[in-house]
Amino acid sequence: MIKAMEGSTYIVHTASPFPIEKPSDENVLIKPAVEGTLAVMKAARLNKVKRVVVTSSIVAISENGAEG
């Protein structure tokens, strides 16, 4: 990932896990989301990227995403 950002000025991070069915363990979603975002931020810092935009998931505003 670090090499992929070489020469970048801006990064838009939009990736996040999105399973069709609710997983039995919340870490199936949380762990890869956190690790992915941290990896992007570390690579951006190492490559002196000027700005990073991190978007939320559509699930954050979905009725089905709000159900526990």
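Rounded to the nearest 20, the size of the Cβ-charge dipole of the stretch 1-40 about its Cα centre is 100 debye, with Lys and Arg at +1 and Asp and Glu at -1.
Quick one: angle between helix 27-46 and the longest Cα principal axis of the chain, in degrees between 0 and 90, rounded to 10, please. For 27-46 against the chain, the angle is about 10 degrees.
Label sites at residue 41 and residue 8, each approximated as a point 7 angstrom past Cα along Cα to Cβ, lie 1.5 nm apart. Annotation: extensible slack from residue 22 through residue 53 equals 8.5 nm (criterion: 0.36 nm per residue apart, minus Cα-Cα distance).
Note down the relative contact order for the stretch 3-66 as a percent, whole number, built from C-alpha pairs under 8 angstrom at least six residues apart.
Rounded, it is 50 percent for the stretch 3-66.
Stokes-Einstein diffusion of the chain at 4 °C, 1.567 mPa s viscosity, Kirkwood radius from Cα pairs, rounded to a whole number: 97 µm²/s. Enumerate the lysines that residue 50 could reach by cross-link, defined here as Cα to Cα under 17 Å, with residues fewer than 8 away along the same chain left out. Counting by Cα, and skipping residues close in sequence, residue 50 has these lysines nearby: 3, 42.
Bear in mind that the values in this text are calculations on the coordinates, not laboratory data. The shown structure was predicted, so the numbers you read here are calculated from the model rather than taken from an experiment. Note that we place each Cβ from the backbone using ideal geometry, even for glycine, and neighbour counts take in every protein chain shown.
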